[in-house]
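Participant: My structure is below; once you've seen it, I'll send some questions.
Please treat every number below as a calculation from the coordinates, not as lab data. Predicted, not measured: the structure shown is a model, and the values here were computed from it. Cβ: placed from backbone, ideal geometry, glycine included. Neighbour counts: every protein chain shown.
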């Protein structure tokens, strides 16, 4: 057996930081930075709710502010200063080496995850690479660069990355519920984020983790005739890519021995079984801002040019009806109207790929146009009602097909799926030091 240690399986047991006892966790935990990017009022409400209390909000840079209208350098400097202040002022306390079993209940779904540190040497987002940890979607260099400077300078990390495991027999995470543990948090998340509970598992309670992961790895190795893909990045790939890029920049400056153990070599992520009933794949919709007069005809022409043909029809409801074979239906909301682009002989496997390629061509022709990615139909309907806006309602993909599709076809089209709606995304709560430092015990 080639997988005999956690290190050979691409993970290690972290020393997790939590806000010290007495800090209001309901004000501390905030949703992932890449959510509500077209709804600044959401983040204004979060700011008002947290006030002057210690909060993860002060340790992140919400992407809503990466719009060219805000002083990103000043905002980043504020984040770095807050990291130092929180560490110097005893805001953090440290759990011993181990993991946290996370139970999240939201929108009628319950999911269980295991917080571990993942080895960035086992992850690569370069097209054509086949590492143990793989992205499920294409990595956009611009989005990595927007996060890279902050990651390089950061002294702590707070994860919103969800890592997926293809374990239909539930052999890895689920048995850990029966192991000795200590409840370390249990509260309601702000802004309709649902309930979250965390149970600390010391290293002594994780003795079976290596064996369970190794058995799964042996079973999956060589599937579809491909090298082992043990983990798939479900949410937060660009944050993981920024961590990887920061590590690659730091690594040459370190002695060889230090490269093996430096905290920046790892990224804290929550590992979730793809087959957990709480994991539901939701489509990521699109809203195009700057869709002016003649938009529908121009996009139809682009779709026809990129595929074997396309037509546009107005609809009285959401369904386009029975489709012809080898046809993609792209539902569009604009100016209170519902329409559908019917694309014949699409050259992309998935409707989202057909749409994305066409919208990117439209953006290239219209300098003032902008595309945003939206979770949930309510937000899509609201945003597409704005003047010169067009919303696109996309279907979900089957989650059971994810690993096989990535193995055989490579990464999926940009923003193909989301694991839940915006308020179901991971909240920043736990942290990990990226530089050697001493903390009080939790």
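Participant: How many angstrom separate the Cα center of region 30-53 from the Cα center of region 239-269?
Facilitator: 30
Participant: Using only DSSP helix segments of four residues or longer, with each worth -39500 (n - 2.57), what per-residue ellipticity at 222 nm results for the chain after dividing by its residue count and rounding to 500?
Facilitator: -8000 deg cm²/dmol
Participant: Hey, another quick one. Is region 227-337 rounded, prolate or oblate when judged by the Cα gyration tensor, a ≥ b ≥ c being the square roots of its eigenvalues, rounded requiring a/c under 1.5 and prolate requiring a/b larger than b/c? It would help to have the intermediate numbers written out before the result.
Facilitator: On the way: a/c = 3.10, a/b = 2.29, b/c = 1.35.
It comes out prolate by the Cα gyration axes.
Participant: Whole Å is fine, so just give me how far the alpha carbon centre of region 381-442 lies from that of region 327-368.
Facilitator: 21
Participant: How much length, in nm to one decimal, is gained on full extension between residue 41 and residue 20, taken as 0.36 nm per residue of separation minus their Cα-Cα distance?
Facilitator: Using 0.36 nm per residue and subtracting the Cα-Cα distance, I get 4.6 nm.
Participant: With the crude spin-label approximation of a point 7 Å out along Cα→Cβ, what separation in nm comes out for residue 65 versus residue 305?
Facilitator: Calculated label separation equals 4.0 nm.
Participant: Sorting check: for 210-219, 230-239, which peptide has the highest mean count of neighbouring beta carbons within 10 Å, and how do the rest follow?
Facilitator: My ranking of the peptides, most packed first, is 230-239, 210-219.
Participant: Angle between the Cα long axis of helix 351-365 and the longest principal axis of the chain, 0 to 90 degrees, nearest 10?
Facilitator: 80
Participant: Right, something else. So between residue 152 and residue 226, what do we pick up on full extension, going 0.36 nm a residue minus the alpha carbon distance?
Facilitator: 23.3 nm
Participant: Please give, to one decimal in nm, the separation of the simple spin-label points placed at residue 312 and residue 253, each 7 Å out from Cα toward the Cβ.
Facilitator: 5.2
Participant: Efficiency by 1/(1 + (r/R0)^6): what FRET value for residue 349 and residue 2, r their Cβ-Cβ distance, R0 = 41 Å, to the nearest 0.05? Intermediate values should be presented prior to the final figure.
Facilitator: Details: r = 33 Å, r/R0 = 0.81.
Efficiency, from the Cβ-Cβ distance: 0.80.
Participant: Quick one: helix 237-250 against the long Cα principal axis of the chain, what's the angle to the nearest 10°, folded into 0 to 90?
Facilitator: 50
Participant: Can you give the angle from 0 to 90° between the axis of helix 295-306 and the longest principal axis of the chain, with both taken from C-alpha atoms, to the nearest 10?
Facilitator: The angle comes out near 80 degrees.
Participant: Please work out whether region 1-108 counts as rounded, prolate or oblate from its C-alpha gyration tensor, where a ≥ b ≥ c are the square roots of the eigenvalues and a/c under 1.5 means rounded, while otherwise a/b larger than b/c means prolate and anything else oblate?
Facilitator: prolate
Participant: Find how much the distance from residue 77 to residue 170 grows on full extension, using 0.36 nm per residue of separation minus their present alpha carbon separation; answer in nm with one decimal.
Facilitator: Separation in residues times 0.36 nm, less the Cα-Cα distance, equals 29.2 nm.
Participant: To continue, here is another question. Can you classify region 34-86 as rounded, prolate or oblate using the Cα gyration tensor, where a ≥ b ≥ c are the square roots of its eigenvalues, rounded means a/c under 1.5, and otherwise it's prolate if a/b beats b/c and oblate if not?
Facilitator: On the way: a/c = 2.28, a/b = 1.20, b/c = 1.90.
Oblate.
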